[in-house]
Amino acid sequence: MIFLKSIRKSIVCLLLLVLALPVQAQETIARLKYEEAEEAFAAGKYETTLAKLAEVEKMLKSSNSKILYLRIMAQDQWWKSKPTPDLELIARLKKDCGIYMAKYENQEGIEDKFRDVYRLSEALNIFSVSEQMIANAGKGVLQDMEQLALSYELLNNHEKAISWYTKAAAAGSSNAMVKLVWYHEERLILKGDVVKMHELLNRAMAAGNALAYGVKGRLLLTGVGSDMDTVKANEVFKQGYEIALPGAEKGDVESMYATGVILANSDIPAPVGGVTWLERAAEQGHADARYAAACFYSSRKRQDRLDSAKAMYWFEQAEQHQDKRIYTWLGNMYYYRAGVVKNKARAEAYYRKGDSCGDARCARNLGIMHFNRDVAERSDEKSTTALFNKAVQGGCYNAYVWLGVMYLQGTHVSINYPQAAAYFQKGVEAGDANSMVLLGWMYQIERVDGTANYDKAIELMQQAINNGEGLGWGYLADIWMNKRKGIPADYNKALLYYLKGASLGSPYCMGRMAYLFENGDGFRKNKQAAAEWTQKYNRLKEN
């Protein structure tokens with residue numbers, strides 16, 4: 001009996017040993033994979049690190065403080081390596097930090113690592129995103145869809161922003177509809193489709209969105225997608241104001257913002273001004289109101305209200321809240337002297353900061369500085385075209401016009417009219433009004449195929465005008481002013497077109513008005529009118 005018991009005991013021990021061998025082997029392989037994860041992390045291969053750690057956890061069927069710490073560090077470095085942050089990844093990182101701190105708070109020997117995770121968790125609080133918000137957005141909760149889209153927009157991840165705004169608009173969000181109009185206007189990722197813009201605005205207005213009325217009124221003032229109609233614009237502004245004001249007076253932040261935008265773009269008399277409403281909304285944490293207030297104070301269109309100190313205050317507030325859209329405007333302030341002393345070096349620094357944050361508009365503006373030889377480093381064809389192409393690839397389609405101008409003028413390259421026309425055509429297809437104007441002008445002066453094509457020129461100028469470009473009126477007026485072949489002179493039509501372009505702020509049209517009244521070329525001389533237009537032209541050029 002004793003012998004049999006001994007045999008049975010030996011068999012059990014042997015079985016336990018045999019069963020333990022695969023577990024030990026798995027643990028050994030898991031340890032080796034963890035070491036591979038550490039090596040990948042040291043080599044900057046963060047995605048590989050995360051994949052290896054997932055394999056380790058799958059093999060062990062659990063995690064531990066070492067694995068979770070390395071995953072947190074890899075996630076942190078991975079999102080920082082991207083040109084624009086991935087908020088889904090950041091949300092998972094925030095969640096993992098919370099798990100680590102809750103689970104390993106009292107574990108000894110990891111004090112330094114725990115401190116790292118705590119500091120990272122605190123730093124991530126600037127991102128108002130969570131896995132719950134992302135999950136809700138995926139389920140179609142409008143408020144979370146809008147917030148996720150805005151969060152991406154602030155970080156210059158415009159493709160994802162547009163994706164979520166499109167989903168939200170399809171689900172009935174009038175705020176998202178207005179946002180999509182802005183992207184069309186900017187020719188940023190979306191092409192400048194004026195028909196789509198008005199369609200979106202009409203849907204948003206039908207839903208009672210006051211901000212949509214403000215944008216619609218501005219488009220009517222500038223003739224985007226319709227004839228310029230000041231009377232209709234003022235009616236629309238007034239309707240929007242009447243919708244927004246009651247909510248604004250009750251403290252509703254969206255209504256404050258809408259009221260501010262409407263008043264800032266119109267001449268409606270109001271006891272409280274537009275920028276005041278914008279600032280009130282900004283003080284309540286409204287991201288677009290902060291941005292709009294900063295832009296308002298640095299806008300050359302409101303020359304009597306330029307206030308660089310207030311602009312900088314709101315830009316700084318926006319930067320503290322992770323609004324990466326601001327660097328284009330900040331650069332423009334110093335490059336185009338909007339209320340500050342022109343400072344090319346400072347402008348370049350802001351553009352580079354925006355470029356590093358994935359803002360394609362800053363890449364375009366750096367290209368413009370290279371085009372003009374306004375940077376400290378060498379400006380040549382390679383550096384200039386690289387920046388414009390980077391801008392185009394990032395969705396800033398009005399960089400095409402600058403590529404065309406390079407070949408039209410022979411800046412950094414040899415003059416090549418077919419190449420210029422090809423780039424302008426790409427800009428036209430992307431809805432860029434400046435490209436429409438310049439390609440139309442090339443058809444006027446026989447620079448496309450060696451012959452004038454006034455029908456094509458007029459078509460392109462009309463298209464530019466429909467996109468709100470005042471210069472289109474000027475070049476269209478030139479056709480009737482200069483007695484082109486087959487086009488009879490019509491001085492009254494020319495004067496009307498120059499006047500319309502001038503009302504949209506076109507320096508060319510203002511200059512032409514001053515010239516015509518000064519010299520009486522087809523018109524009766526009017527020295528006083530000439531002096532007034534000269535003053536307007538000089539004031540615009542100075543600012």
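The values are calculated or read from the model by the stated rules, or taken from the named source; none is laboratory data. These figures come from a predicted structure and were not determined experimentally. As a convention, Cβ positions derive from the backbone with ideal geometry for all residues, glycine included, and neighbour counts pool all protein chains shown.
Counting only residues that are in contact with a helix residue (DSSP H, G or I) (Cβ under 8 Å, 6 or more places away or on another chain) and closer than 16 Å to Leu154 by Cα, region 352-394 holds 9 of them.
Every condition in (1) surrounded by fewer than 18 Cβ atoms within 10 Å (Cβ to Cβ); (2) within 26 Å of Ile189 (Cβ to Cβ); (3) β-branched (Val, Ile, Thr) holds for Val341 except the one numbered (2).
The requirement of being of a type outside the set (Ser, Thr, Tyr), under 14 Å from the mean Cα position of the chain (by Cα) and either within 27 Å of Leu150 (Cβ to Cβ) or surrounded by fewer than 19 Cβ atoms within 10 Å (Cβ to Cβ) (or both) is satisfied by Gly358.
Listed here are the residues, each with its yes/no results for (1) of a type in the set (Val, Ile, Thr); (2) surrounded by fewer than 21 Cβ atoms within 10 Å (Cβ to Cβ); (3) closer than 15 Å to Phe296 by Cα.
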{"position": "Gly251", "(1), (2), (3)": "no, yes, no"}
{"position": "Glu254", "(1), (2), (3)": "no, yes, no"}
{"position": "Ala258", "(1), (2), (3)": "no, no, yes"}
{"position": "Val261", "(1), (2), (3)": "yes, no, yes"}
{"position": "Pro269", "(1), (2), (3)": "no, yes, no"}
{"position": "Gly273", "(1), (2), (3)": "no, yes, yes"}
{"position": "Ala282", "(1), (2), (3)": "no, no, yes"}
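Quick one: count up the residues across region 206-234 that are touching a residue at least 12 places away in the same chain (Cβ under 8 Å) and either among the aliphatic types (A, V, I, L, M) or surrounded by fewer than 17 Cβ atoms within 10 Å (Cβ to Cβ) (or both). Residues in region 206-234 being touching a residue at least 12 places away in the same chain (Cβ under 8 Å) and either among the aliphatic types (A, V, I, L, M) or surrounded by fewer than 17 Cβ atoms within 10 Å (Cβ to Cβ) (or both): 15 in total. Given the conditions (1) at pLDDT below 80; (2) surrounded by fewer than 16 Cβ atoms within 10 Å (Cβ to Cβ), and given that Thr84 satisfies all but one, which numbered condition is not satisfied? (2) is the only condition that Thr84 fails. Taking the criterion of being crowded, with 22+ Cβ neighbours inside 10 Å and within 26 Å of the chain's Cα centre (by Cα), the only residue of region 445-464 that qualifies is Ala464. When Lys390 is tested against (1) among the charged types (D, E, K, R); (2) modelled with pLDDT under 95; (3) outside any loop (DSSP other than H, G, I, E, B), exactly one condition is not met: (2).
Every residue, every condition in (1) of a type outside the set (A, V, I, L, M); (2) under 29 Å from Gln425 (Cβ atoms), yes or no:
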residue: His198; (1), (2): yes, yes
residue: Leu201; (1), (2): no, yes
residue: Met205; (1), (2): no, no
residue: Gly214; (1), (2): yes, no
residue: Gly217; (1), (2): yes, no
residue: Thr230; (1), (2): yes, no
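Restricting region 26-45 to residues that are under 11 Å from Leu60 (Cα atoms) and among the hydrophobic types (A, V, I, L, M, F, W, C) leaves a set whose member that is modelled with the highest pLDDT is Ile29. Against the test of being modelled with pLDDT under 85 and either assigned to a helix (DSSP H, G or I) or touching an Asp or Glu at 6+ places or on another chain (Cβ under 8 Å) (or both), the options Arg539, Arg512 yield a single qualifying residue, Arg539.
Within region 423-431, does at least one residue satisfy the condition of being at pLDDT 95 or above, out of contact with any Leu (no Cβ under 6 Å at 6 or more places or on another chain) and either among the polar types (S, T, N, Q) or more than 29 Å from Val224 (Cα to Cα) (or both)? Yes: region 423-431 contains one or more residues that are at pLDDT 95 or above, out of contact with any Leu (no Cβ under 6 Å at 6 or more places or on another chain) and either among the polar types (S, T, N, Q) or more than 29 Å from Val224 (Cα to Cα) (or both). Ser255 falls short on exactly one of the conditions (1) outside any helix (DSSP H, G or I); (2) among the small types (Gly, Ala, Ser); (3) at pLDDT 95 or above, and that condition is (1).
Of the listed requirements (1) more than 28 Å from Gly223 (Cα to Cα); (2) outside any loop (DSSP other than H, G, I, E, B); (3) within 12 Å of the chain's Cα centre (by Cα), Asn156 misses just one: (2).
Please verify whether region 184-196 includes one or more residues that are assigned to a loop (DSSP other than H, G, I, E, B), surrounded by 22 or more Cβ atoms within 10 Å (Cβ to Cβ), out of contact with any strand residue (DSSP E or B) (no Cβ under 8 Å at 6 or more places or on another chain) and not acidic (Asp, Glu). Checked region 184-196: at least one residue is assigned to a loop (DSSP other than H, G, I, E, B), surrounded by 22 or more Cβ atoms within 10 Å (Cβ to Cβ), out of contact with any strand residue (DSSP E or B) (no Cβ under 8 Å at 6 or more places or on another chain) and not acidic (Asp, Glu). Only a single item in (1) more than 30 Å from the chain's Cα centre (by Cα); (2) crowded, with 22+ Cβ neighbours inside 10 Å; (3) under 29 Å from Tyr334 (Cα atoms) is not met by Gly511, and it is number (2). Being surrounded by fewer than 24 Cβ atoms within 10 Å (Cβ to Cβ), free of Cβ contacts under 8 Å to residues at least 24 places away in the same chain and closer than 27 Å to Asn389 by Cβ, is that true of even one residue in region 425-444? So far as region 425-444 goes, yes, one or more of its residues are surrounded by fewer than 24 Cβ atoms within 10 Å (Cβ to Cβ), free of Cβ contacts under 8 Å to residues at least 24 places away in the same chain and closer than 27 Å to Asn389 by Cβ.
Of all the listed residues (Ala43, Ala74, Ala54), the sole one being small (Gly, Ala, Ser), under 20 Å from Lys103 (Cβ atoms) and out of contact with any helix residue (DSSP H, G or I) (no Cβ under 7 Å at 6 or more places or on another chain) is Ala54.
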